[in-house]
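The values are calculated or read from the model by the stated rules, or taken from the named source; none is laboratory data. None of these values were measured; they are calculated from a predicted model. We place every Cβ from the backbone using ideal geometry, glycine too, and count neighbours over all the protein chains shown.
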Amino acid sequence: MDFEDKVVLITGAAGGIGHAATKAFAEQGATLVLVDLSLSALEKIAADLGLPENRLLLVAADVRSEKEVEGYVASAMTRFGRIDVFFNNAGVEGKTGALVDTDAETVDTILDVNVKGSFFGIKHVLSTMITQKSGAIVNTSSMAGLIGFPALGVYTASKHAVIGLTRVAALEAADSGVRVNAVCPGPVNTRMMRGIENGMSAGNPAAAKSQFADSTAIKRYAEPEEIAHVVLFLASNKASYVTGSIFTADGGMTGM
């Protein structure tokens, strides 16, 4: 998979899967636009990548704000003139707990980032891709977008929403040469999963981790790089006939 001369925009670039994807795309020759809430976190990743200035742009932005989403898209277009790949990856897990115990603040936080943030990204990047008559979008959903997870009700709802947005965007963009797909990871060794483990079993997060691992057929968590490989495939020309698809990378969780 060769991304030479391709401009790749990644949100949530400082997170576990986002960081793995930045490295994988960079190794394949891509020019990167990295977006996250923290500029300092992006600067650490940039130092690790070691890319020349003409292949890298860092943008601190809050995906909950449509104005800031418009800003990171405009920055990418001003600097590089096009966006070939959009990895729409920013997300939060929020607080865990039963639906009846979930407060309005938790609902707003999760839906604002995972649903509104994903929607704003699709809306504004897709507009540029339709104009240029090409592009690939990969949205990060989750196994929680396909099945129910007790104590993760709002997160589950938000990831179901990402799948719905993916399917609609794929249908609306197909005539313009733009593909839109989603990846649904199972448990991955990231900070997000550490937060979920602690929330579900505060006194014994190792027990929650073991339970998640046992829910997969291969009895382990994924590493972020394993999810990044799926993302690169969906973003590449090797997936030229793939759009509107929901790709699971779950270690067999849905087959259990």
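Odds and ends about this structure:
- Checking D112 against (1) under 23 Å from F233 (Cβ atoms); (2) in contact (Cβ under 8 Å) with a residue 12 or more places away in the chain, the condition it does not meet: (1)
Residue-wise test of (1) within 18 Å of the chain's Cα centre (by Cα); (2) within 13 Å of N88 (Cα to Cα).
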| site | (1), (2) |
| --- | --- |
| G18 | yes, yes |
| A21 | yes, yes |
| Q28 | no, no |
| L37 | yes, no |
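- Selection of first residues in region 144-161 that are within 18 Å of D108 (Cα to Cα) and of second residues that are in a loop (DSSP other than H, G, I, E, B) and of a type in the set (D, E, K, R), restricted to Cβ pairs under 7 Å at least 6 apart or on distinct chains, gives the following pairs, ordered by first then second residue: Y155/E93.
- The requirement of being in a loop (DSSP other than H, G, I, E, B), within 18 Å of L146 (Cα to Cα) and among the charged types (D, E, K, R) is fulfilled somewhere in region 239-250, by at least one residue.
- Search result, residues across region 189-215 that are closer than 16 Å to A90 by Cα, out of contact with any Ser or Thr (no Cβ under 9 Å at 6 or more places or on another chain) and surrounded by fewer than 22 Cβ atoms within 10 Å (Cβ to Cβ): R191, M192, M193
- Index of the failed condition, A235 passing every other in (1) free of Cβ contacts under 8 Å to residues at least 60 places away in the same chain; (2) assigned by TED's automatic domain parsing to the domain that holds L171: (1)
- Unique residue being assigned by TED's automatic domain parsing to the domain that holds E27, closer than 22 Å to V183 by Cα and over 18 Å from the mean Cα position of the chain (by Cα) when the list is S75, S127, S142: S127
- Region 213-232 residues that are without any contact (Cβ under 8 Å) to a residue 60 or more places away in the chain, paired with ones that are part of a helix (DSSP H, G or I) and of a type outside the set (G, A, S) (beta carbon under 8 Å, 6 or more apart): S215/M253; T216/M253; A217/M253; Y221/M193; Y221/K209; Y221/F212
- In this structure, V100 does not satisfy being outside any strand (DSSP E or B) and touching a helix residue (DSSP H, G or I) at 6+ places or on another chain (Cβ under 8 Å).
- The set of residues from region 163-172 being among the hydrophobic types (A, V, I, L, M, F, W, C), touching a residue at least 60 places away in the same chain (Cβ under 8 Å) and surrounded by 14 or more Cβ atoms within 10 Å (Cβ to Cβ) comprises I163, A170.
- Hits in region 127-157 - residues which are of a type in the set (S, T, N, Q) and either surrounded by fewer than 22 Cβ atoms within 10 Å (Cβ to Cβ) or part of a helix (DSSP H, G or I) (or both): S127, T128, T131, Q132, S134, T156
- Test: residue in region 26-49 that is out of contact with any helix residue (DSSP H, G or I) (no Cβ under 7 Å at 6 or more places or on another chain) and surrounded by 24 or more Cβ atoms within 10 Å (Cβ to Cβ): yes
- Scanning region 1-51 for residues that are in a helix (DSSP H, G or I), touching a residue at least 40 places away in the same chain (Cβ under 8 Å) and among the basic types (K, R) yields one hit, K23.
- When residues in region 216-256 are screened for being at pLDDT below 95 and of a type in the set (S, T, N, Q), 1 of them pass.
- Boolean, M143 is farther than 21 Å from G18 by Cα and among the hydrophobic types (A, V, I, L, M, F, W, C): no
- Restricted to region 174-187, and to residues there that are of a type in the set (A, V, I, L, M, F, W, C) and crowded, with 22+ Cβ neighbours inside 10 Å, the residue that is nearest to E93 (Cα to Cα) is C184.
- Residue identified as buried (at least 18 other Cβ atoms within 10 Å of the Cβ) and more than 22 Å from N237 (Cβ to Cβ) among V73, V100, V85: V73
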